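Single-structure report; data block below.
Where a number appears in this text, it was derived from the coordinates with a stated rule and is not lab data. These numbers were taken from a predicted model, which means no experiment stands behind them. All Cβ positions, even for glycine, are placed from backbone atoms using ideal geometry, and neighbour counts span all protein chains on display.
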Amino acid sequence: MRATFKRWFTLGLTGLTLAAAGTVSAQSNFPDKPIVLVVPFAAGGPTDVVARMIAIPMGRALGQSVLVENTVGAGGTIASQRVARSTPNGHTIYIHHMGMATAPALYKKLSFDPLKDFEYIGQVVDVPMTMLARKDFPANNLQELLAYVKANKDKVSLANAGLGAVSHLCGLLFQTQIEVDLNTIPYKGTGPAMNDLLGGQVDLLCDQTTQTVPMIKEGRVKVYGVTSLKRLAALPNVPTLDEQGMKGFEVKVWHGMYAPKGTPQPVIEKINGALRAAMQDPQVKQRLAELSSDVPPLDKITPEGLRTHLEAEIKKWDPVIRKAGIYAD
Ligand code: ASP
């Protein structure tokens, strides 16, 4: 009995040693195949734009392609669940915005925990938003918009990317400030929502500058204001919502990069190095500046920087959302 136990024990140890050696070599070879970067919203939208912008320099730094995959639905929570359940080997990574912090309060049944099921790679980018309408919408400025919306609230539609999307949060803030409930129309991302805005199928959309600056500059949509407290360099003629009387209307969308819990630390460090390289890439920096989006300081592009921020944001949003009583069953 003892001998058998000893034999099993020794075999077990050998197995463990071999497994450990395998992990070490897998880590030092990492990445030995392309990496999938999951985006929780549809292609063409703001999160997708940022992901595709950084995927190329990250791939260059890692010596492997970084392939963007869109897993859409339920305000980003379907993608979060997919990543939480993926093999933790560094070949699946994830970019999501502040919806990661609002999901626990918004969704009664959440099958993942943002604070337990992920490894943190670093913060990515901070992006302001803009309040838009289809080009032929009758209101020409914010005051006209407020008057029109109050008089026609049953007719006006407001697009968003689902419960917990930032377009949803911005729309909620807007409706709360003007005390009007609009018909909200959920999409699988603001990429398709923007297509419908351009096509005139929906009236209003609040969305990030990473998608909206070119549309505004080309005059393809009407813009009523930006959600920063200062005007944006990329849109100097567009007033802030705050300066037009919507006092304190501020939404800045932070983004983070994650991996499934249990992804080995040396692998996280490699991916973090690639993310930092991408965020310092001159082309990425220039493009983000053109879209009035800020690269966080380097100490925030760290696992610790993201985790601390996520924790603080969960604490901040939880009481606000619970008080507002908005949630999905
Ligand atoms: N802008 C979207 C949102 O409202 C997401 C996206 O499509 O990137 O969260």
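Numbers at a glance
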quantity: Surrounding net charge for Gln265, when Lys and Arg each add one and Asp and Glu each subtract one, Cβ distance under 14 Å; calculated: 0
quantity: The chain - percent relative contact order, Cα under 8 Å, separation 6 or more; calculated: 27
quantity: Sparse-neighbour loop sites [trypsin sites (Lys or Arg not before Pro); segment 238-329; at most 11 other C-beta within 10 Å; DSSP]; calculated: Lys247
quantity: Over 25 Å between alpha carbons, listed pairs Lys230/Lys316; Lys150/Lys222; Lys155/Lys188; Lys222/Lys323; calculated: Lys222/Lys323
quantity: Estimated [θ] at 222 nm from DSSP helical runs (n ≥ 4, -39500 (n - 2.57)) normalised by residues in the chain, nearest 500; calculated: -14500 deg cm²/dmol
quantity: Net charge contributed by nearby residues that have their C-beta within less than 15 Å of Thr240 (K/R +1, D/E -1); calculated: +1
quantity: Antiparallel DSSP beta bridges within the chain, as percent of all bridges there, nearest 5; calculated: 60
quantity: Order of Ser293, Ser157 under a 10 Å beta carbon neighbour criterion, fewest first; calculated: Ser157, Ser293
quantity: Hz values of 3J(HN,Hα) by residue in segment 224-237 - Karplus curve (6.51, -1.76, 1.60), Gly and Pro given as x; calculated: 10, x, 10, 8, 9, 7, 10, 4, 9, 4, 6, 9, x, 8
quantity: Using θ = phi - 60° and Karplus 6.51 cos²θ - 1.76 cosθ + 1.60, couplings along segment 258-263 (whole Hz; Gly, Pro as x); calculated: 10, 9, x, 4, x, 4
quantity: Loop-located GluC sites (Glu not before Pro) in segment 202-302 whose Cβ has at most 11 other Cβ within 10 Å (DSSP); calculated: Glu218
quantity: Calculated FRET efficiency for the pair Ala233/Val68, C-beta based, R₀ 30 Å, to 0.05; calculated: 0.65
quantity: FRET efficiency, 1/(1 + (r/R0)^6) with R0 30 Å, evaluated for Asp294 and Glu243 via beta carbons; calculated: 0.90
quantity: Candidate aspartates and glutamates for bridging to Lys270, where Cα separation is under 18 Å - those fewer than 8 sequence places away on the same chain excluded; calculated: Asp32, Glu119, Asp281, Asp299, Glu304
quantity: Of Glu119, Glu69, Glu304, the one that fluctuates the most in a GNM where the chain has Cα springs shorter than 10 Å; calculated: Glu304
quantity: Förster radius 30 Å - calculated FRET efficiency between Asp154 and Lys108 (Cβ-Cβ, nearest 0.05); calculated: 0.55
quantity: Separation of alpha-carbon centers, segment 35-113 and segment 166-214, rounded to whole Å; calculated: 21
